[in-house]
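Shown next, in structure tokens, is the structure this report addresses.
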Amino acid sequence: MKFFLDTADLAEVEEAASWGVVAGVTTNPTLYARIGGKLADFETHIGRICKLVDGPVSAEAVGEMRADIIEEGKRLSAIAPNVVVKVPTTIEGLAATKALAADGIDTNLTLCFSVPQAIMAARAGARYISPFVGRFDDISEDGLAQLADVVLAITNYDFGHKVEVIAASIRSAHHVTQSALMGADIATVPYSVLKNLIKHPLTDRGLESFAADWEKVVNA
Ligand code: E4P
């Protein structure tokens with residue numbers, strides 16, 4: 001499983017990229033608003049993220065109708081070769097996905113919550129599909145079970161082009177572990193979760209005892 005970072009924060013992207021584990025970035029309007037982003041700076045900001053990371057960077061088209069999504073998608077994809085256009089999983093989004101794919105533009109179908117949505121997204125030409133895990137948990141449903149169903153359904157078929165499932169709306173190490181075990185291609189993870197994934201109390205305890213024993217060697 002690959003890790004994407006789910007953020008619009010340049011400092012987070014720069015720091016996490018230095019760890020050698022970030023294969024891409026996903027942004028959305030909420031994440032851009034969270035860092036105080038302004039409309040006029042949006043494309044420049046996406047361009048900066050694209051330079052920091054060696055991999056796909058999802059930038060969301062906010063239009064609802066296909067013509068708007070297609071126009072926005074073309075503008076976004078011109079920012080950098082690694083931009084992927086995030087498109088809503090709707091009828092209009094499917095039509096836009098088909099048109100953008102015909103132009104060689106990769107899309108990431110966002111806000112996917114069911115197997116039929118995922119299959120339709122893949123058939124329309126989506127390069128990435130993002131089933132949201134945490135938002136199911138928020139409404140007391142099993143987001144991981146939904147993700148497992150999507151992973152299985154997508155791997156059952158050949159869509160004639162490469163399709164990768166991104167486990168999205170990830171809130172915990174448990175979500176990451178289970179996404180990996182069920183074979184999700186990618187997990188897009190917030191910085192706060194990503195930095196905790198490497199931690200383990202037994203690692204800390206082991207380091208403490210090695211340091212204490214080395215002191216004995218030094219002082220022997
Ligand atoms: C995915 O690409 C989305 O940006 C993201 O994972 C949404 O997560 P949230 O439900 O925590 O907002």
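Values quoted throughout were computed directly from the atomic coordinates according to the rules given, and no laboratory measurement underlies them. Values in this document were obtained by computation on a predicted structure and should not be read as measured data. Neighbour counts run over all protein chains shown; Cβ positions are idealised from the backbone, glycine included.
Let's test the formula: R0 of 35 Å, r as the Cβ-Cβ distance of Thr155 and Ala11. What FRET efficiency results, to the nearest 0.05?
E(calc), rounded to 0.05, equals 0.45.
Principal axis extents for the chain, Cα atoms only, whole Å, descending order, please.
75, 39, 33
If you add up the charges near Gly134, with Lys and Arg at +1 and Asp and Glu at -1, over every other residue whose beta carbon is less than 13 angstrom from its beta carbon, what do you get?
-3
Identify the residues of segment 12-39 with backbone N under 16 Å of a label point that sits 7 angstrom from the Cα of Ala101 along the Cα-to-Cβ direction, or state none.
Flagged as within label range: none.
Name the residue from Ser209, Val193, Ala99 whose Cα lies farthest towards the positive end of the charge dipole of segment 63-220, charges +1 on Cβ of Lys and Arg and -1 on Cβ of Asp and Glu.
Ala99
Show me the helices of the chain, taken as full DSSP H stretches, that run 15 Å or more along their long axis by Cα and average 0.0 or above in Kyte-Doolittle hydropathy.
Once both thresholds are applied, what remains is 42-52, 91-102, 143-155.
Taking N as the number of residues in segment 105-157, what is its Cα Rg relative to 2.2 N^0.38 Å?
1.10
Between Ser140 and Met1, what is the FRET efficiency for a Förster distance of 25 Å, r being their Cβ-Cβ separation, to the nearest 0.05?
It comes out at approximately 0.45.
Would you order Asp106, Asp185, Asp158, Asp149 from fewest to most other beta-carbon atoms within 10 Å of each residue's own beta-carbon?
Fewest-to-most Cβ neighbours within 10 Å comes out as Asp158, Asp149, Asp185, Asp106.
With a point put 7 Å past each Cα toward its Cβ, work out how far Glu208 is from Ala80 in nm, to one decimal.
It works out to 4.1 nm between the two label points.
Taking every pair of alpha-carbon atoms in segment 44-117, give the share separated by more than 19 Å as a whole percent.
30 percent
Compute the label zone of Val217 within segment 186-203: residues whose backbone N is under 20 Å from the point 7 Å along Cα-to-Cβ.
Only 203 fall inside the zone, counting backbone N under 20 Å.
How big is the shadow of the Cα convex hull of segment 89-220, averaged over all directions, in nm²?
For segment 89-220, averaging the hull's shadow over all directions gives 11.0 nm².
Report, largest value first, the span of the C-alpha coordinates of segment 12-73 along each principal axis, in whole Å.
Here the spans come out as 39, 23, 17 Å, largest first.
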